[in-house]
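This report concerns only the one structure given below.
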Amino acid sequence: MSMLEKIHSPADIKSLDRTQLAALAAEMRHVIIQTVARNAGHLAPNLGVVELTLALHRVFDSPTDKIIWDVGHQSYPHKLLTGRYEQFHTLRQGGGIAGYPRRVESEHDPFGTSHGSTSISAALGFAAARDLKGESHHVVAVIGDGALTGGMAFEGLNNAGELKKRLIVVLNDNEMSISPNIGAMSRYLTKLTTSRLYRAFERDVWELLGKLPRGGKRAQLAAHRLKEGLQNMVAPGVLFEELGLKYFGPIDGHDLPVLEETLSDLRRFEEPVLLHVVTRKGRGYGPAEGDATTFHGVGVFDPDTGTASKGSKKTYSHVFGETAVLIGERIPRAVAITAAMTDNTGLNKFAKAFPERFFDVGMAEEHAVTFSAGLACEGLLPLTTIYSTFLQRAFDQIIHDVAVQDLKIVLCLDRAGIVGDDGAPQHGVFDVGYLRMIPGTVVMQPMNGAELRDMLWTAAHWNGKRPIAVRYPRSPIPDDSLPEGDPQILEIGKAEQLRAGGDVALVALGTMVAPSLAAAELLAAQGVSATVVNARFASPVDAMMLGGLARSTGRIVTVEENVIAGGFGSAVSEMLDAQGISASLLRLGVPNEFVLHGKRDALLKQVGLDAEGIAARTLEFVRQARHQYT
């Protein structure tokens, strides 16, 4: 029997000796490597926190004590130690356990996460609630240095220092988020020293202060300045101390005895403390240690060699990256901005070609948008490239800092729609609704790679003064071949009819064009003649074409990979109402509920957005409409 088979809760690891713990750590790494190699997922972050996770669960008593993981992409070891080993092979699979903490999955997951920089704010809420309820348990937030580049982390730290609640913040410093960390905070955390040296200085200075005469104000002021100078010279934790948290560290995040001893000592503090832990991403697996960026979030790979099974097809992200370089070559004022996603968005080629015009701002989407607004004020053309799910965090900035000021930035929304294995918090299914409500904002989505090139080219050359967004999915393009020559400039708000039919019009946005065409074939076999339209634009919609189809067929079906509420179908409904057109309308899309994790195609089928689902719903819709008129 393996050691993990004996671990049913964190209580089972508290009595293990050092030899047993070392064996358990090795087994945990083996299981994680083998599972991720088969299922895909986050590898390097999890391998880097095995000892830290063991120490946390040996020192604290989960679920009574609350352990909150920032982002949550490093929670695999935590899941293995909290009764989920038997289900671990289902990681990120339909009906299996999630790749992130989920409150409904385990009592040991007190707070669900998937986005960065949330842990400190949430943990402070837990601590305040504990005190109001008269309880005494511990609250621990584990945040990576990458998430510390997000402003929300500092909002939480600032409030924690003000409230003085008993709270432990563990800063996992591995010099990485997804892409290598950049910026002042990253450089700040690399100024490593020993806390023992600083604490000795601090103790000596306080002793000096205590010996000074009360009336010696000048001497006391000098001593205070001496202490502050020593902090800045010796300790990388002075920033956290100024925010009101006692700083300890840095310590070796792979030295289990030191971790346990330090965490045990920190339990006695009645104020917020921060422990700086230094780890290595990908620890214990050579390929991941050597290339932590690739193995941060990896697809299926050979665990023996580390060779990834990369898809042979070109993805939308690849097409975007190539087009961004073309735009950079043709438009010297074009700049590219991303939030810790250089490689995954395809901007690595732009970064190499135009390093002075490329900006990775860290895990800080709000800053990315307002930074882009500042660039736009000075006449530059920002290609602001952010995953759809993460752009949600910058909604206010898009309105307040960009649209209201009549500024044009190109919002490049990777991972729009159902993303698959990462689950509900990562699906990019809300952007159509929240972007199209902003006055003057253009929102478009391509049906294939060639159209993505055209849309990006169109956005770059558009003369408008508002945000213009191009959303595209996490998937291969339908056809690897792309046309030669420059992309074409599309007419804003103009749709394209791909198939003619008299009974119903299927108006599809982006990824839904192909299954709608296939659905039309299925409908034809049932005696229903369907027009199929590539909508191209969710805002503005093509009022002339769609209004004409509504009058001629009397029946419109909108199809979108976005939530139905407030989405593209709603835009068409509003347009028909504004024109006074009375037509039957069926809106198909992602239901107004959070879709769980699973393979993208399976999830699309689950919500009825495959060809068969579209055809079935449309056939029922047409038959009901015909019945009303007979």
Hull shadow area, averaged, the range 496-628 [alpha-carbon convex hull, nm²]: 7.6 nm²
Anisotropy class of the range 414-492 from Cα gyration tensor, a/c 1.5 cut: oblate
Spacing of the two label points (7 Å from each Cα toward its C-beta) at Asp131 and Ala23, in nm: 4.5 nm
Estimated vicinal HN-Hα couplings, Hz - the range 456-469 in sequence order (Karplus 6.51, -1.76, 1.60; Gly, Pro = x): 5, 5, 4, 4, 5, 9, 5, 9, x, 10, 8, x, 10, 10
Nearest-ten-degree value, helix 151-163 long axis tilted from longest Cα axis of the chain: 40 degrees
Local electrostatic count at Gln397 - Lys and Arg +1, Asp and Glu -1, tallied over other residues with Cβ under 12 Å: -3
Order of Arg58, Arg280, Arg436 under a 10 Å beta carbon neighbour criterion, fewest first: Arg280, Arg58, Arg436
Low-density loop cleavage sites - GluC sites (Glu not before Pro) in the range 547-630, where at most 14 other Cβ are within 10 Å (DSSP): Glu593
Listed residues Leu21, Gly485, Met363: farthest to the positive end of the dipole of the chain (Cβ charges): Met363
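Add -39500 (n - 2.57) for each DSSP H run of 4 or more in the chain, then divide by its residues: what number comes out at 222 nm, to the nearest 500 deg cm²/dmol? Write out the running numbers ahead of the final one.
Working: 23 runs with 248 residues, N = 630.
Only helices count here, giving -12000 deg cm²/dmol.
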Relative contact order (%) - criterion: Cα under 8 Å, at least six apart; region: the chain: 11 percent
Gain in span if fully extended, Val300 to Val404, counting 0.36 nm per residue against the direct Cα distance: 33.0 nm
Estimated FRET transfer efficiency (Ile489, Gln624; beta-carbon r; R0 25 Å; 0.05): 0.05
Kirkwood Rh in Å, taken over all unlike Cα pairs in the range 6-137: 15.3 Å
For Glu521, net neighbour charge (Lys/Arg +1, Asp/Glu -1) across residues whose Cβ lies under 15 Å away: -2
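Quick check on the exposure proxy: order His30, His57 from fewest to most C-beta atoms within 10 angstrom.
Neighbour counts put them in this order, fewest first: His30, His57.
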Over 46 Å [Cα-Cα, the chain], rounded percent: 25 percent
0 to 90° range, to nearest 10: angle between helix 119-132 axis and the chain longest Cα axis: 60 degrees
Counted charge near Val142, where neighbours are those whose Cβ lies closer than 12 Å (Asp, Glu -1; Lys, Arg +1): -2
Relative contact order (%) - criterion: Cα under 8 Å, at least six apart; region: the range 32-78: 51 percent
Cα-Cα over 25 Å, subset of Lys6/Lys599; Lys79/Lys599; Lys314/Lys605: Lys6/Lys599
Sorted by Cβ neighbour density within 10 Å, fewest at the top, the residues Lys66, Lys314, Lys352: Lys352, Lys314, Lys66
Radius, Kirkwood style, for the range 316-471 when every pair of distinct Cα atoms is counted (Å): 15.1 Å
Gain upon complete extension [Glu242, Asn158; 0.36 nm per residue less C-alpha separation]: 29.3 nm
Nearest-0.05 FRET efficiency for Ser552 and Asp12, computed from C-beta distance (R0 45 Å): 0.05
Near-label residues of the range 471-504 by backbone N, under 15 Å of a point 7 Å along Cα→Cβ of Ala514: 472-482
Long-range tail of P(r) for the range 372-417 (Cα pairs > 15 Å, %): 42 percent
Nearest-0.05 FRET efficiency for Cys377 and Leu498, computed from C-beta distance (R0 51 Å): 0.80
For Val335, distant residues with modelled amide H under 5 Å away: Leu381, Leu383
Cα long-axis angle, helix 50-59 against the chain (0 to 90 degrees, to the nearest 10): 60 degrees
Length gained when the stretch Met437-Glu574 is fully extended (0.36 nm per residue, less Cα-Cα span): 48.1 nm
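A short reminder: the numbers here are calculations on the coordinates, not readings from a lab. Since this is a predicted model, take the numbers as computed values, not measurements. Every residue, glycine among them, receives a Cβ derived from its backbone with ideal geometry; neighbour counts consider all protein chains shown.
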